[in-house]
Amino acid sequence: MSALGDRLAGWLGRGAAEDAARVEEAALRSDRFRLEREGDWKRLEQIVGQIERGRLKRLSDEDLLALPGLYRMTASALSIARETSLDQALVDWLETLTQRAWFAVYGPRAGLGRWLRGFLGGGWGRAVRSIGSDILIALLAMVVGTVVGWLLVSSNPDWFYALMPSGDERQPGASREVLERTLFGNAGQDGLSVFAAMLFSNNAQVSILAFALGFACGVPTLLLLVHNTAMLGALLWLYHGQGLTFELIGWLSVHGTTELFAILLAGAAGLHVGRAIAFPGNRAVLDAAAEAGRRAALVMTGVVLMLIVAAILEAFARQLLDATMPRLVVGAFMLVFWIGYLFIWRRGK
Amino acid sequence: MSARRATGRIVPDAERRKRWLTTPEGVALPFVLASRGTRAAALAIDLFLVGAAMVATTLALLWMAQGLGLNASTKGPAGHALQALAIVWFVVMFLARNAWFLAFELGPRGATPGKRLLGIRVAARDGGRLTTEAVIARNLVRDIELFMPLVFIGGAASSGGDTDLASWAGLGWFALFMAMPFLNRDALRCGDMIAGTWVVEAQKRKLGQALSLGGAAAGPSAATGAVYRFGPEELSVYGEYELQALERVLREGRADTMAEVAATICGKIGWSAGAGDERAFLEAYYTQLRAHLERGMRFGRRKADKFA
């Protein structure tokens, strides 16, 4: 019994003999069970309390290493107490303590900074590749949308007004000079306001919308992708009519390769969630949605970053590069960069 | 949302919000879901703090720019530097909201200041690890749930009368997003559904002294020196439910209640104990009843209450 007494003394920091005597004295088996383990439980409570108060750094390595073991011990003690003890105060307290320790042990493992490093260093690409089939579907929708937009407007120019917001000088019948002016010679424009407008405006919204609408089984996402690329098709047709196709593509590609890529990924993320909700397979709908949602959220985090890059490109690179060739070079470079970074570059595999 | 069960007993609110999770160790733990009001209040606190932080940063930067003699019309290298700073500021403002929630919920304390203040936190619905991805997912979707409807309403208001059908449809869709916590039993918002999480109350409790260890639980009464011993027949009239009620009475320690309870027990088991030594009597009865019931438990016999 003296070994037990020594252990108790270590746990409780009280007189060993006194505690051993208390354990012996206890008439009930469940009380002996409690007294023998209370020291460990109290230690766990103290460790968890420190973590809850945000004093992680003040914990000794010993305590941190002991945490998982103490948690498991307490959890199993709770199971035993439920079956053998009628000390309600003890069972309730053990439940709460196990819960608090569970939060500490099974909380998020990586902080924001560490996660971000992992995300940029390969995690993003992995997430994107894991929804590859959805990306193909979204890409198909976007190509179809562009073609449909072109065909619609070329068969009947009235479609242009239906597709594009009104009040723009870019409309059927506009002269080559007017159209050219929209593409070149804006170097004097204040990059800052363009940047701000871009960041909080249309295409950022389209991306987020494409993802949000995925919840409705993905159908509205497809419609949105088709609609927005139909606008692109209509615009291409308009500039093609004045022989400015190449110039327009240059103008668009500076930020467009990044931005359309972002919209593509956002649409694919939306479709991924939508598909999981529509066809959950053997899982419960909520479980399927959660699993798909976690993957899609990673992709969407990347989309937000891409939109910021696109905003910077649109605001500054396009204004600085006032000719088609350099614009195309930048656009193509960005496209190659994204494809290489997201699809080809793999790490740790 | 019936507050009554088949028994007709009224179920308390906290009981209705109680859910059981099984940890990876296979231990079932009770959790109480945070109420919608609490969560809304936590969100309001957090948004206020984010807003305050954003305003404070902006003012500090402006003050610094002014101190250096820079303003929007500055040209040359200084102007470019200012522009670059302004871009950083835009990006920070754009990301501040999400960064706030992510940094705190992924940090060691696992909850934003608003949540911590109100004693709630995020947990994985399956009882397993709360992954970083889940936290990111639930916070990313908040933007869609909360801010997109505002953008839409703003858009509808600014476009005046000619709001087209698509805008209305969009508004309806986002209104549905916003109302989602009211449309399911677990008060999940879309972000919770997508991330596989829910928000629960973070409980704290102090461990009460074991009643079977002190006073007259084991030995004679301090006041009268009497030793109370009960036989198996006298102990088998009550079950676990009554034992817990007795535990509560002893912990409260109010003399009149104890006298009443002691009288009831005496009546039930056919004793005629005198007045004045109720506490010792009840402690002894509690301890021996618990010993009796726990012995039964070890043999697989549980007695839920006196009717069992």
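Quick notes
- Considering the conditions (1) modelled with pLDDT under 85; (2) touching a Ser or Thr at 6+ places or on another chain (Cβ under 9 Å); (3) more than 30 Å from B:Gln288 (Cα to Cα), A:Trp102 is excluded by exactly one of them, (1).
- Residue in the range A:70-92 that is among the hydroxyl-bearing types (Ser, Thr, Tyr), assigned by TED's automatic domain parsing to the domain that holds A:Leu235 and surrounded by fewer than 18 Cβ atoms within 10 Å (Cβ to Cβ) present: no
- Among residues of the range B:175-189 that are under 16 Å from B:Arg142 (Cβ atoms), those with a beta-carbon under 6 Å from a residue that is surrounded by 12 or more Cβ atoms within 10 Å (Cβ to Cβ) and among the small types (Gly, Ala, Ser) at least six positions away or on a different chain give the pairs B:Pro181/B:Ala187.
- Among all positions in the range A:327-349, there is at least one residue which is buried (at least 23 other Cβ atoms within 10 Å of the Cβ) and more than 23 Å from the chain's Cα centre (by Cα).
- Residues being facing another protein chain (nearest Cβ under 10 Å) and either crowded, with 23+ Cβ neighbours inside 10 Å or within 17 Å of the chain's Cα centre (by Cα) (or both) - total across the range B:118-132: 9
- Only a single item in (1) part of a helix (DSSP H, G or I); (2) in contact (Cβ under 8 Å) with a residue 40 or more places away in the chain is not met by A:Arg347, and it is number (1).
- Scanning the range A:274-291 for residues that are surrounded by 24 or more Cβ atoms within 10 Å (Cβ to Cβ) and either farther than 14 Å from B:Val141 by Cα or more than 7 Å from chain B (Cβ to nearest Cβ) (or both) gives A:Gly274, A:Ala276.
- Set side by side, the residues A:Asn228, A:Asn202 differ, and just one is surrounded by fewer than 16 Cβ atoms within 10 Å (Cβ to Cβ) and either under 29 Å from B:Val92 (Cα atoms) or at pLDDT 85 or above (or both), which is A:Asn202.
- Unmet requirement for A:Pro326, which otherwise passes all of (1) at pLDDT below 90; (2) within 14 Å of another protein chain (Cβ to nearest Cβ): (2)
- Boolean, A:Gly302 is closer than 19 Å to A:Gly214 by Cα, in the same structural domain as A:Thr324 (by TED's automatic domain parsing), modelled with pLDDT of 90 or more and of a type outside the set (A, V, I, L, M, F, W, C): yes
- Positions within the range B:99-109 being in a helix (DSSP H, G or I), within 8 Å of another protein chain (Cβ to nearest Cβ) and buried (at least 18 other Cβ atoms within 10 Å of the Cβ), in sequence order: B:Leu102, B:Glu105, B:Leu106
- Considering residues of the range A:51-69 that are surrounded by fewer than 15 Cβ atoms within 10 Å (Cβ to Cβ), more than 10 Å from every other protein chain (Cβ to nearest Cβ) and in a helix (DSSP H, G or I) only, the residue modelled with the lowest pLDDT: A:Arg58
- Applying the criterion of at least 1 residues that are closer than 22 Å to B:Gln209 by Cβ, touching a residue at least 24 places away in the same chain (Cβ under 8 Å) and out of contact with any Gly (no Cβ under 6 Å at 6 or more places or on another chain) to the helices (runs of 4 or more DSSP H) found wholly in the range B:224-279 leaves B:240-252, B:255-269.
So that you can scan it fast, the table gives a plain yes or no per residue for (1) farther than 18 Å from A:Trp115 by Cα; (2) more than 7 Å from chain A (Cβ to nearest Cβ); (3) assigned to a helix (DSSP H, G or I):
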position: B:Gln83; (1), (2), (3): yes, no, yes
position: B:Val92; (1), (2), (3): yes, yes, yes
position: B:Arg116; (1), (2), (3): yes, yes, yes
position: B:Asn139; (1), (2), (3): no, yes, yes
position: B:Arg142; (1), (2), (3): yes, yes, yes
position: B:Leu146; (1), (2), (3): yes, yes, yes
position: B:Leu150; (1), (2), (3): yes, yes, yes
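- Once the range B:27-53 is narrowed to residues that are of a type outside the set (A, V, I, L, M, F, W, C) and away from chain A (no Cβ under 14 Å), the residue that is farthest from the chain's Cα centre (by Cα) is B:Gly51.
The values are calculated or read from the model by the stated rules, or taken from the named source; none is laboratory data. On a predicted model such as this, the values are computed, not experimentally measured, just so you know. We place every Cβ from the backbone using ideal geometry, glycine too, and count neighbours over all the protein chains shown.
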